[in-house]
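The values are calculated or read from the model by the stated rules, or taken from the named source; none is laboratory data. Note that this is a predicted model, so its numbers are computed, not measured. Glycine gets a Cβ as well: all are built from the backbone with ideal geometry, and neighbour counts include every protein chain shown. The area values use the complete protein model at the heavy-atom level, side chains included, leaving out ligands, DNA and RNA. Shrake-Rupley method; radii C 1.70, N 1.55, O 1.52, S 1.80 Å.
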Amino acid sequence: MNAPRIALRSFSRAQLTSKSSLLGARIPYRCLSCSTRLAQTHQFSAQNGADGARTTHFGFETISEDSKDDRVGAVFSSVAASYDTMNDFMSLYIHRLWKDHFVRSLNPGINPLTSSSSEPQGMNILDIAGGTGDIAFRLLDHATTIHNDQTTRVTVADINPDMLAEGRKRSLETPYASTGRLNFIETNAEKLDAIPSDSVDLYTVAFGIRNFTHKDTAIREAFRVLKPGGIFACLEFSKVQNQLFDAVYKRWSFSAIPLIGQIVAGDRDSYQYLVESIEKFPSQTEFRDMIRDAGFVIPGEGPDGEGYGWENLSGGIAAIHKGMKPIGA
């Protein structure tokens, strides 16, 4: 089986062939210092709660694991129609540049003029938490315009039907709506029963994985569905590296974004949760280790684990993480 031709320049020959080099009610507040104190009193715990139920975080709030999907679903149902506007506010409009760079770094598509006749035509791409189609459209545009690839296809998977409905509506304005190259399915990233094992060339998730209840489970599912040589690629808000810049960014995030959400969308709570979810997301190092622990080879790392293994964007406001399923896995 041939490995997909995507983002392999970041991997050494040893990495390509060896697995050993790889794994309730919202409490209101109005200021960053209050947010910090609240975060300290609502630390994430995978332990049992007082009533015996397992708990997780919903922003800075501790809730039962069973209720998180519904709570997150309500947020994204609320913001589905204004999703791009939401990301504009949260990233100061830079998210569009990040997404373009993310897709270019993956270089999706197979040029039919340069591929051998034994290779399958086009790539099978799975875009997780991609309901509105924002990444999927970019992936198909790149494959079509850069590689003259008319057969690469993208399945957009999302747990939220309102986000998927928005994506289907937007897809009607693209050239891909009736081509068979774009499909939308409602499914949970932690249990991809509709996706066969070893069937996907490229798995993407952009600004979605921080909302998952069990991120490690979702990453292991990504490993299962990817073909050997397939790529896991994640674009997500992350940890700003410069302390001064981080202080300014957090002040903007916690003070301005919920207020803008209230003014523009009439929904302060949803935007408040989204800001808090960024703060609760693992650091670059922690998330890289989660990907490695699932079995992936990490680009940018040496044989002894040196090197970062991720790409910071805008000083760490966001980061790109990649992993490759080892050939022979």
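Summary table
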quantity	calculated
Residue list for the stretch 245-289, filter: open to solvent by 50 Å² or more (accessible area, probe 1.4 Å), at pLDDT 85 or above and more than 18 Å from I94 (Cβ to Cβ)	A247, L259, E279, T285, E286
Candidate set: the stretch 193-244, residues that are polar (S, T, N, Q) and over 10 Å from the mean Cα position of the chain (by Cα); chosen: the one surrounded by the fewest Cβ atoms within 10 Å (Cβ to Cβ)	Q243
Selection status of M86, at pLDDT 95 or above and either buried (at least 22 other Cβ atoms within 10 Å of the Cβ) or assigned by TED's automatic domain parsing to the domain that holds S314 (or both)	no
Qualifying residue in the stretch 169-180 (condition: over 18 Å from the mean Cα position of the chain (by Cα), part of a strand (DSSP E or B) and farther than 21 Å from K325 by Cβ)	no
Residue count, the stretch 190-220 (criterion: in a loop (DSSP other than H, G, I, E, B) and over 26 Å from H95 (Cα atoms))	8
Unique match (being at pLDDT 95 or above and in contact with a Ser or Thr (Cβ under 7 Å, 6 or more places away or on another chain)) among I185, I195	I185
A165 being assigned to a helix (DSSP H, G or I), over 20 Å from K325 (Cβ atoms) and among the small types (G, A, S)	yes
Test result for R138, assigned by TED's automatic domain parsing to the domain that holds F102 and surrounded by 22 or more Cβ atoms within 10 Å (Cβ to Cβ)	yes
Scope the stretch 221-259; condition farther than 18 Å from A319 by Cα and assigned to a strand (DSSP E or B); matching residues	L226, K227, P228, G229, G230
Residue match in the stretch 147-159 (condition: in the same structural domain as W98 (by TED's automatic domain parsing), in a strand (DSSP E or B) and open to solvent by 70 Å² or more (accessible area, probe 1.4 Å))	yes
